[in-house]
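Engineer: Mind having a look at this structure? Questions to follow.
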Amino acid sequence: MKKTLFIIALFFAVFTFGQKNEFNLIKLDSTWGQEVLRFPARHMDYIGVGEVRFPPKGWINPEHDLFWSYTYAWSIDVNRKIKEEELEIDLVKYFNSLNKIEMNSITDKHYSSAKVTKTKKEKSITFFEGKVKIFDRFATNKMITLNVLIESNYCKKAEKTILLFKFSPKEFNHNVWNTILKKIKLFNNLCID
């Protein structure tokens, strides 16, 4: 009986460890809050996983420099490069879903909008920046504009794409970007090509 219990415990430990690693995409310490999800998700038809990381303090406080400043990574089964237009649609879907707004409710005053521009390309990584207008249902109940940096890693051999989003309402020259957000990286070896 003890041997059977040990084998069951070992199985669950390995299963849990494997599940946790699948969601560890962003290289940040444990002081950052974490939420994980599986795709497909509401409005999002991709297959894969997502990891959201929030700073230790200030994310939900409109008076704090880190208000609405956070990062999000997706590891999705997309075997192609993702272009600006698709990222814009994805951001609208993501924030509408977050705010429980239906995609066909384009006349809803809380409907999101996004504009994304490619800034540079390095091997299999494409970099974008943009702006997303969203409804903040968590703190202010107002429309706000988030600046976003996006890193799109096309993993040709693995037949997937890993996206890293960094958001903040602060302008790109603000200290929040230079000392925190621009330094956030994905774990190494997520995209082995």
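Every read-out reported here was derived from the displayed coordinates using simple, explicitly stated rules and does not represent laboratory data. Keep in mind the model is a prediction, meaning the values are calculated, not measured. Neighbour counts run over all protein chains shown; Cβ positions are idealised from the backbone, glycine included.
Engineer: Arranged from highest to lowest average of other beta-carbon atoms within 10 Å per residue, in what order do the peptides 68-76, 128-136, 109-117, 28-36 appear?
Structural biologist: Averaged packing, sorted descending, gives the order 68-76, 128-136, 109-117, 28-36.
Engineer: Among L186, W59, S113, whose Cα projects farthest towards the positive end of the dipole of the range 2-186, with charges put on the beta-carbon of Lys, Arg (+1) and Asp, Glu (-1)?
Structural biologist: Positive-most Cα among the choices belongs to L186.
Engineer: Are any of the pairs K83/K133; K83/K160; K100/K156; K120/K142; K57/K93 more than 25 Å apart by Cα-Cα distance, and if so, which? The partial results should precede the final answer.
Structural biologist: Details: K83/K133 19 Å; K83/K160 14 Å; K100/K156 34 Å; K120/K142 33 Å; K57/K93 27 Å.
Cα-Cα > 25 Å for K100/K156; K120/K142; K57/K93; rest within.
Engineer: Follow-up. Give the aspartates and glutamates whose C-alpha is closer than 14 Å to that of K183, dropping any in the same chain fewer than 8 places away, or say none.
Structural biologist: Filter leaves D29, E151.
Engineer: Shifting gears a bit: Tell me the angle of helix 84-98 to the major Cα principal axis of the chain, expressed in degrees between 0 and 90 and rounded to the nearest ten.
Structural biologist: Its long axis makes an angle of about 80 degrees.
Engineer: Could you list the GluC sites (Glu not before Pro) in the range 141-193 that lie in coil according to DSSP, counting only those with at most 16 other Cβ atoms within 10 Å of their Cβ?
Structural biologist: Numbers: sites: E151, E159, E171; in loops: E159, E171.
Answer in residue order: E159, E171.
Engineer: For the range 68-115, run through the GluC sites (Glu not before Pro) and keep only the ones in DSSP coil with at most 13 other Cβ atoms within 10 Å of their Cβ. Walk me through the numbers before you get to the answer.
Structural biologist: Working: sites: E84, E85, E86, E88, E102; in loops: E102.
Those that pass, being in a loop and sparsely packed, are E102.
Engineer: Starting from the amide H of C155, placed 1.01 Å from N in the peptide plane, find each other amide H under 5 Å away whose residue is 5 or more places distant or on another chain.
Structural biologist: K160, T161, I162
Engineer: Could you list log10 I(q)/I(0) for the range 2-186 at q = 0.12 Å⁻¹, which the Debye formula gives when each Cα is one point scatterer?
Structural biologist: Calculated log10 I(q)/I(0) at the listed q: -0.61.
Engineer: At 222 nm, what helix-only mean residue ellipticity would the chain give, in deg cm²/dmol to the nearest 500, using -39500 (n - 2.57) for each DSSP H run of four or more?
Structural biologist: So the calculated ellipticity at 222 nm is -7000 deg cm²/dmol.
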